[in-house]
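Down below is the structure, laid out as structure tokens.
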Amino acid sequence: MGAAQLVAWFLALAAAAGAAVSAAGARPSEVALGALFTYDSTIGRAARLAIELAVDDVNADGTVLAGTKLSLKSRDTNCSAFLGTVEAFQLMEENVVAVIGPQSSGIGHVISHVANELHVPLLSFAATDPALAALEYPYFLRTTISDYFQMNAVASIVDYYQWKRVTAIYVDDDYGRGGVSALGDALATKRAIISYKAAIPPNSNADVISDVLVRANMMESRVMVVHVNPDTGKRIFSAANKLQMVASGYVWIVTDWLAAVLDSSASRDLKDMSHIQGLIVLRQHTPESDAKNKFISKWNTMARNRSVTSGLNSYGFYAYDSVWTVARAIDQFLDSGQQINFSTDPRLHDSNGNTLRLSTLKIFDGGEQMLQQLLLTNFTGVTGPVQFGSDRNLVRPAYDILNVGGSGSRLIGYWSNHSGLSIAAPEILYQKPPNTSAQQLYNVLWPGDSTTMPRGWVFRNNGQALRVGVPNKASFKDLVSSRGPGNVTGYCIDVFNTAIKLLPYPVPVQFVTIGDGTKNPSYIGIVSMVAANTLDAAVGDFAIVRNGTAISEYTQPYVEAGLVIVAPVKQTPPSAWAFLKPFTLEMWCVTGALFILVGVVVWLLEHRINEDFRGSPRRQVITIIWFSFSTMFTAHRENILSALGRFVLIIWLFVVLIINSSYTASLTSILTVQQLDTGITGLDSLIASSLPIGYQNGKFTKKYLIQELNIPESRLVALNTIQEYADALNRGPNYGGVAVIVDEKPYIDIFLSYYCNFRIVGQQFTREGWGFAFQRDSPLAADMSTAILQLSESGQLQRIHDEWFTRRGCASDDESQYSSSEAAREPSAADADAIQRRPSGCSFKELLQFVDKKEEEIRRKMKRRSSDKDNQAAGSSGALSVTSAY
């Protein structure tokens, strides 16, 4: 081969290689895009025009898919999961690179498995079931807001108005069940629940819907959350209006299907609008923009040209952006040098006589790369920012909150995942740091043209009474006792019955006794029965403790309570020699010796220079004794002249002060304070000792002593009755009894009213109260709390207490021996007779006056009396002489 031929050969090879490379990078002239939705539906009519407009706009835009035409392949699912699935298979035969749809969540679940096998991404603008976001469906992308966020918005509204229970009315399909499941999770974060689920079978007629609503109306919740499709929703409110359920006291919160219906209704029927007055409705929020207004104008023009009578709704906006999302992803896919190729799947072949044509279904070879380009989408469309987060949901989910009234609706606020409820637009709040503390909505016109916020619940109207558990105890019958099935009495029962009569609605009650009456039942066990829905409430002497509040809802306390310690005391009889008991014999001897010693020391220092300490030996001894002992009671009359003597006296006076104070305190304690048998004086000494402790069986005391005070269980002795309390304390720890009993103060007060040889030692070391237990977040708990406060403020609660507990308790230590009535009463005739028979003579007061008089005055008085007697004698003799003269 010559050089010229070799060069020509290389040039031809290079040209062929260049041609191959050019062919490999060439864009296709047309790319097929599928669409799957129901043409004749509220959402489908808006979406159909929006998708066609989007395809036209993409093909007219030279910056996207330049040189490549987007070809739309559309299929009608006819509101049927079966027909929708068939149409989806037929659509896949068209070698589409992506599908806009499906509209239905049910169809989405089915054909997502097909999309997984054929690697064809699905972009749904209306399938809102949160379950479709599962990793099981990697080729499913939601280009609208998931119901996960919508149900969080509903939960925020429920929490804003402080409702705790809702009734969920939903269509029983994938869409309805998925939404209600998300609602339950969202309400749980707000400490609210779905108290009743009213499931409506798909395609139900009016009679079936009415039956479902009647059962829902028997429940206590009046907050209705409706999550259905538009056709079923219209029948629901028609039936609810006939049942007078869209009236004052009811709350209806409706998901975005109703907003789509209202927006799509060109001329709203006033009769239909009368069925939905006062409803709260959610609608996907789309911020205002020039692109949005331009699209609305185009859509309306196309609708007029095609004689479409329905209007545009928010789903139409998301359908329009979905097409642009696919177009931009295809453009990026082709720009990266990828080719649109389809290949057959050897597993899909037609067997003999098979007419399913499975072999026509081909795998999109670039499906994985196309999916990644879709997940990287980031542009601003007519719905706002179009971008997928890490959870494959659209970023910045937000809803408008509408209130239906008159012939339309008005905006009362917004909800966003960023800041919760607000009256400011979400696009403004997204520019600020998250703040969910300042929740706000405008005023609502509620059903029945009411401006007063409904309470949200009533007592259930299903013929069932309130199941109230009552402990059948072995002791403290004054508090609660059972006299047979349903016949219970006691202080706690009277408080409950009086409070429940104050409720603004009737509440039938059925008392259920728990326990056999021979021993106390477990109180936390009864509360657990309330939490498990075996009982509706628990009434009795139930302490409001941490374990109970974790599983139930308590009312306002109607009695203050707390744990105290009761112990036996020694009954010491009074003694005339009690004044000697403060000091021991040794102490008395030492004290006396000190007095004598100080007197002698002062005499030694003073007698040579001080006349007060001089005189006869007898006088000096008396002065020594008098001076030393008088320093304890009064100022001494002797003056101290020497400096050393004064120094000794100052020290001695300080010692006398200490002795005097100690003696007084000890004597006061002996005379006024009873002595404890066990030596336990309070909580600290109780914990430090190893003595047995009694507690009331069934109450929380045992658990508290073990868990909070770390007292070994071996020290604890369960007691049931008041008699067992007294017997155990009287026996004491040495004879199989207990040293002290720890119980709540109301029980101890009752116990001490029967037995006076025991008393409370130390201080009350816990603070709690007694209340009635209801199920968690039960509205009855709040209403009963209000009723208890009314009883307290009116004084009726105290009167009920006095009616049950009028028994005179033990006399207190400082109580006088005689009652004031006896001391102040008028003297009787017998008393007057006794006074008359009292022997004459000087009274004690006269005796003191006589002793206090001076000696000279006494002598003068005696002389006066003797002279008076002489005069009386002379007068008597004169009278006798005159008488004898007659």
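A Cβ distance below 8 Å, combined with a sequence gap of six or more or placement on separate chains, defines the contacts here; from the range 37-64, residues that are free of Cβ contacts under 8 Å to residues at least 24 places away in the same chain and within 14 Å of Val326 (Cα to Cα) reach residues that are of a type outside the set (Phe, Trp, Tyr) and open to solvent by 40 Å² or more (accessible area, probe 1.4 Å) in the pairs Asn59/Lys69.
Filtered by the rule that a residue be assigned to a loop (DSSP other than H, G, I, E, B), free of Cβ contacts under 8 Å to residues at least 60 places away in the same chain, open to solvent by 40 Å² or more (accessible area, probe 1.4 Å) and not aromatic (Phe, Trp, Tyr), the range 416-444 gives Ile423, Gln431, Lys432, Pro433, Pro434, Asn435, Thr436, Ser437, Ala438, Gln440, Asn443.
Out of the range 144-160, which residues are open to solvent by less than 10 Å² (accessible area, probe 1.4 Å) and either charged (D, E, K, R) or closer than 30 Å to Phe342 by Cα (or both)? Result: Thr144, Asp147.
The residue that is nearest to Asn152 (Cα to Cα), among those in the range 396-415 that are surrounded by 15 or more Cβ atoms within 10 Å (Cβ to Cβ) and more than 33 Å from the chain's Cα centre (by Cα), is Ser409. For the range 213-228, the set of residues classified as within 26 Å of the chain's Cα centre (by Cα) and either open to solvent by 10 Å² or more (accessible area, probe 1.4 Å) or among the hydroxyl-bearing types (Ser, Thr, Tyr) (or both) consists of Met219, Glu220, Ser221, Arg222, listed by residue number. Selection of the range 498-546 for residues being touching a strand residue (DSSP E or B) at 6+ places or on another chain (Cβ under 9 Å), open to solvent by 40 Å² or more (accessible area, probe 1.4 Å) and outside any loop (DSSP other than H, G, I, E, B) yields Val509, Gln510, Val512, Thr513, Ser528, Met529, Ala531. Within the range 555-571, the set of residues being part of a loop (DSSP other than H, G, I, E, B), surrounded by 13 or more Cβ atoms within 10 Å (Cβ to Cβ) and either modelled with pLDDT under 85 or not aromatic (Phe, Trp, Tyr) (or both) comprises Thr555, Gln556, Pro557, Gly562. Summed over the range 44-72, the residues that are open to solvent by 20 Å² or more (accessible area, probe 1.4 Å) and either within 17 Å of Pro102 (Cα to Cα) or touching a helix residue (DSSP H, G or I) at 6+ places or on another chain (Cβ under 7 Å) (or both) give a count of 5. In the range 574-598, the residue that is most open to solvent (accessible area, probe 1.4 Å) out of those that are out of contact with any Ser or Thr (no Cβ under 8 Å at 6 or more places or on another chain) and not in a helix (DSSP H, G or I) is Trp577. Would the range 24-33 turn up any residue that is buried (at least 24 other Cβ atoms within 10 Å of the Cβ) and at pLDDT 95 or above? Scanning the range 24-33, I find at least one residue that is buried (at least 24 other Cβ atoms within 10 Å of the Cβ) and at pLDDT 95 or above, so the answer is yes. If you go through the range 376-383 one residue at a time, do you hit one that is modelled with pLDDT of 95 or more, outside any strand (DSSP E or B) and exposed (fewer than 15 other Cβ atoms within 10 Å of the Cβ)? Yes, that holds for at least one residue.
Looking at the range 460-474, which of the residues that are surrounded by 17 or more Cβ atoms within 10 Å (Cβ to Cβ) and of a type in the set (A, V, I, L, M, F, W, C) is modelled with the lowest pLDDT? Ranking the candidates gives Ala474 first.
The values are calculated or read from the model by the stated rules, or taken from the named source; none is laboratory data. Just so it is clear, the structure is predicted and the values come from calculations on it, not from any experiment. Cβ coordinates were reconstructed from backbone atoms using ideal geometry, including for glycine residues, and neighbour counts include every protein chain displayed. Accessible surface areas use protein heavy atoms only, side chains included; no ligands, DNA or RNA. Shrake-Rupley method; radii C 1.70, N 1.55, O 1.52, S 1.80 Å.
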